[in-house]
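Trainee: Encoded as structure tokens, here's the structure I'll be asking about.
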Amino acid sequence: MKKILIQGGQRLRGSVAVAGSTALALTAQIAALLASTGELKLANVADTMTVDTMNERLRKLDLAVTVNKPTHQLIIQSQAKLTADDLTVITSAKVASLMIGPLLARTGSVRLNKDQVPDEIIADLRCLGADVSLNDEALAIKAGRLKGSHLKLADSNCLSTQSLIMAAVLADGITVIENAACDFEVIALANLLNKMGARVHGAGTKIVRVQGVTFLHGCDYEIAGDYLEATALMLAAAITNGDVIVENVHLQSVQGVINQLERMGCTVVVQQNGVRVLGTAVLLPADPQSLFPSAMYPELAILQLLANGKSSNAVMDQRLLDQLQKMQAGVQETAGELILNGPAKLSGIKVKAFDASSALTLTLAGLAAKGLTIVENGAYLGDEFEDLPAKLQSLGASLQLKDFESASKSLTKFK
């Protein structure tokens, strides 16, 4: 497994373009299951492990998938009839939650492991007319054509909102989803589905209405720039008190990030060629602002730790918390929230990532830390982000992604 070696203290400067969004590409790949005619032609598709893995899943469902990595294009041929309905082999709860709606709508049945997807999604599928039974620790979900219904989400959750929209597009009648998530991912999914012939209205608001149709078709669709990668680069600029222009970013998708950075004292300028972030030597404490992507809360915590005062954040995975505390981060969990005491003086040390988010969070911490930070399992970054270490290098970060064997040989150079 590869390691990321980071010598902290370098201010980032320059321009960098983000790749297509892996999260949006994944959702588009799964939405292809809903089409019964034509082909879905996706442009600006990132070269990441998540996209590659989903392509293999689609092939196992007998969909023809053509990939052109040099041009970042992906073509998925629709199937007039789908028969596979077993999701028990899917280890990702996110992927299973997104696939359940399209497969149920197309095949009339889905088989899941117990607790594989959130209970709320299962409960709302029941409201849409699905029959759910438990057999040998597996959930069997069956339905004829799903029926439109009025759903009210207990939690304004992006994953649940996306899952239920895809379940509802082929349902009979109108489905209303109250307390829907307003994330850019929901808006992007609705735009794609509407190009495929669906009738989804109100995406980006708290109430989404879906008028069911009898079939969907393929279309041409360009994946928007990765707002999560853009967020990471904007945070990196702020963390290092740098001056960075992030290109190929959809402004609406990072408005919450802009608001957050400005609240914390950074200067953000929207330019014709992208979004420019100028850091500040005196960061102001601030809790996560409205519309800041919840998926990036752990990464935001690094910037909060550098601020002059106390702020709060959502509780993070205990494994990541342990690694940050090894770096002398002033962070503790209290009453169901994370308290961050700044300004922290982070120290470089060997830490271990366990997924893409933790690898990114620890990398950002390494940029701010004094001395050398070694992030083990650094290759996890490639699951969600295309060439992010190289992009940070291009901005002036003293950073290398090394194989396990060669990493030890590089330590002397970095020290």
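The values are calculated or read from the model by the stated rules, or taken from the named source; none is laboratory data. Here the structure is a predicted model, which is why all the values come from computation and not from measurement. In this analysis, Cβ positions are derived from the backbone assuming ideal geometry, glycine residues included, and neighbour counts consider all displayed protein chains.
Trainee: Based on this model, can you work out whether ILE121 counts as touching a strand residue (DSSP E or B) at 6+ places or on another chain (Cβ under 7 Å), modelled with pLDDT of 90 or more and either at negative phi or buried (at least 18 other Cβ atoms within 10 Å of the Cβ) (or both)?
Mentor: No.
Trainee: Further question: Which condition number does ASP355 fail, the rest of (1) more than 25 Å from PHE385 (Cα to Cα); (2) of a type in the set (Asp, Glu); (3) touching a helix residue (DSSP H, G or I) at 6+ places or on another chain (Cβ under 8 Å) being met?
Mentor: (1)
Trainee: Give region 118-129 a look and list any residue that's under 25 Å from the mean Cα position of the chain (by Cα) and touching a residue at least 40 places away in the same chain (Cβ under 8 Å), or say none.
Mentor: Correct list: PRO118, GLU120, ILE121, ASP124, LEU125.
Trainee: Now a separate question. Would you call ALA46 in contact (Cβ under 8 Å) with a residue 60 or more places away in the chain and closer than 24 Å to LEU125 by Cα?
Mentor: So ALA46 fails the test.
Trainee: Which pairs have Cβ atoms under 8 Å, sit 6 or more apart or on different chains, and link a residue in region 177-203 that is farther than 22 Å from TYR227 by Cα to one that is modelled with pLDDT of 95 or more and of a type in the set (Ser, Thr, Tyr)?
Mentor: ILE177/THR161
Trainee: I'd like to verify a number: residues in region 13-40 that are of a type in the set (Gly, Ala, Ser) and not in a helix (DSSP H, G or I), how many? Break it down into steps so the answer makes sense when it comes.
Mentor: First, pick out the residues of region 13-40 that are of a type in the set (Gly, Ala, Ser): 14-15, 17, 19-21, 23, 25, 28, 31-32, 35-36, 38.
With not in a helix (DSSP H, G or I) added as a condition, the list becomes 14-15, 17, 19-21, 35-36, 38.
Matching residues across region 13-40 total 9.
Trainee: Among the residues of region 143-189, how many are within 13 Å of VAL210 (Cα to Cα) and of a type in the set (Gly, Ala, Ser)?
Mentor: Of the residues in that region, 8 qualify.
Trainee: Taking the conditions exactly as written (touching a Pro at 6+ places or on another chain (Cβ under 6 Å), of a type outside the set (S, T, N, Q) and over 27 Å from LEU372 (Cβ atoms)), does GLY309 satisfy them or not?
Mentor: yes
Trainee: If a residue counts only when it is at pLDDT 95 or above and surrounded by 17 or more Cβ atoms within 10 Å (Cβ to Cβ), which helices (runs of 4 or more DSSP H) contained entirely in region 375-415 have at least 1 such residues?
Mentor: 388-394
Trainee: Do we have any residue at all in region 30-51 that's more than 22 Å from the chain's Cα centre (by Cα), among the hydrophobic types (A, V, I, L, M, F, W, C) and surrounded by 16 or more Cβ atoms within 10 Å (Cβ to Cβ)?
Mentor: Yes, there is a match, as at least one residue in region 30-51 is more than 22 Å from the chain's Cα centre (by Cα), among the hydrophobic types (A, V, I, L, M, F, W, C) and surrounded by 16 or more Cβ atoms within 10 Å (Cβ to Cβ).
Trainee: Give the number of residues within region 157-202 that are more than 16 Å from LEU26 (Cα to Cα) and surrounded by fewer than 21 Cβ atoms within 10 Å (Cβ to Cβ).
Mentor: The qualifying residues number 14.
Trainee: Hey, does region 209-216 have a residue that's in a loop (DSSP other than H, G, I, E, B) and on the phi > 0 side of the Ramachandran plot?
Mentor: The answer is no, given that none of the residues of region 209-216 is in a loop (DSSP other than H, G, I, E, B) and on the phi > 0 side of the Ramachandran plot.
Trainee: Next up: Please work out which residue is modelled with the lowest pLDDT, limiting yourself to region 74-112 and to residues that are touching a Pro at 6+ places or on another chain (Cβ under 9 Å) and aliphatic (A, V, I, L, M).
Mentor: LEU82
Trainee: Now for a separate question. Out of VAL268, VAL244, which single residue is crowded, with 24+ Cβ neighbours inside 10 Å, at negative phi, modelled with pLDDT of 95 or more and over 21 Å from the mean Cα position of the chain (by Cα)? Quick ask: steps written out before the conclusion?
Mentor: Working: VAL268 fails: crowded, with 24+ Cβ neighbours inside 10 Å.
Going through VAL268, VAL244 in turn, the sole match is VAL244.
Trainee: Would you confirm whether any residue within region 126-149 is at pLDDT 90 or above, buried (at least 16 other Cβ atoms within 10 Å of the Cβ) and hydroxyl-bearing (Ser, Thr, Tyr)?
Mentor: Checking region 126-149: at least one residue is at pLDDT 90 or above, buried (at least 16 other Cβ atoms within 10 Å of the Cβ) and hydroxyl-bearing (Ser, Thr, Tyr).
Trainee: Going through region 232-260 one residue at a time, which ones are closer than 17 Å to ALA390 by Cα and part of a helix (DSSP H, G or I)?
Mentor: ALA232, LEU233, MET234, LEU235, ALA236, ALA237
Trainee: Is there any pair with a first residue in region 331-347 that is in contact (Cβ under 8 Å) with a residue 12 or more places away in the chain and a second that is of a type in the set (Asp, Glu) and not in a loop (DSSP other than H, G, I, E, B) whose Cβ atoms are under 9 Å apart and which are 6 or more apart or on different chains, and what are they?
Mentor: Sorted first by the residue in region 331-347, then by its partner, the pairs are ILE339/GLU333.
Trainee: Can you report the number of residues in region 284-305 which are within 22 Å of PHE354 (Cβ to Cβ) and either at pLDDT 95 or above or buried (at least 20 other Cβ atoms within 10 Å of the Cβ) (or both)?
Mentor: The total comes to 11.
Trainee: Only residues in region 208-231 that are closer than 21 Å to PRO293 by Cα count as the first member; pair them with residues that are among the charged types (D, E, K, R) and in a helix (DSSP H, G or I), Cβ under 8 angstrom, at least 6 apart or cross-chain, and list the lot.
Mentor: Every condition considered, the pairs that remain are LEU228/GLU384; THR231/GLU299.
Trainee: In region 76-94, which residues are among the aliphatic types (A, V, I, L, M), surrounded by fewer than 17 Cβ atoms within 10 Å (Cβ to Cβ) and within 23 Å of the chain's Cα centre (by Cα)?
Mentor: Residues satisfying the conditions are VAL89, ALA93.
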